[in-house]
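Down below is the structure, laid out as structure tokens.
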Amino acid sequence: MRKFLFLIFLTGAGMASAQQHPLFKDADLNVGEKLIAENQCNECHIRRVGGNGSAIYNPKGRINTAGALRGMVEYCNTELNLGFFPEDTNAVAAVLNKQHYKFR
């Protein structure tokens with residue numbers, strides 16, 4: 001068992017979930033990334049804010065908690081009629097948290 005845990009530590013496996021906010025602990029990041037690509041979230045953000053769209057991810061703005069982040073993803077889901085289930089919303093928010101917000 002010790003060798004297994006040591007191997008996990010050396011490879012970094014499990015570290016992403018350790019760094020994620022507890023709200024996203026069970027989120028499937030692969031599903032979130034897939035949904036972001038399929039629904040062209042980045043393209044929509046580019047249309048809204050210009051540039052490469054990353055200006056929309058402003059941790060000092062109105063998205064200042066993990067709950068607010070998940071709420072904003074749900075807002076997009078509702079406004080754009082994306083049809084996300086709650087676990088999909090959580091997965092997308094977890095990816096955004098990992099890539100941009102880094103709430104812990």
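Laid out as a table, the results:
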| read-out | value |
| --- | --- |
| Net charge, Pro86 excluded, C-beta distance under 14 Å - Lys, Arg +1, Asp, Glu -1 | -4 |
| Farthest positive-ward along the range 20-101 dipole, Cα basis, beta-carbon charges - from Leu23, Ala66, Val92 | Ala66 |
| Rg over Rh [alpha-carbon atoms, Kirkwood Rh] for the range 14-97 | 0.95 |
| Using a Förster distance of 41 Å, the FRET efficiency for Asn58-Asp26 (Cβ separation, nearest 0.05) | 0.95 |
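Laboratory data are not the source of any read-out in this text; all were calculated from the coordinates shown. Every value quoted in this text rests on a predicted model; they were computed, and no experiment measured them. Here Cβ is always computed from backbone atoms with ideal geometry, including for glycine, and neighbour counts include all displayed protein chains.
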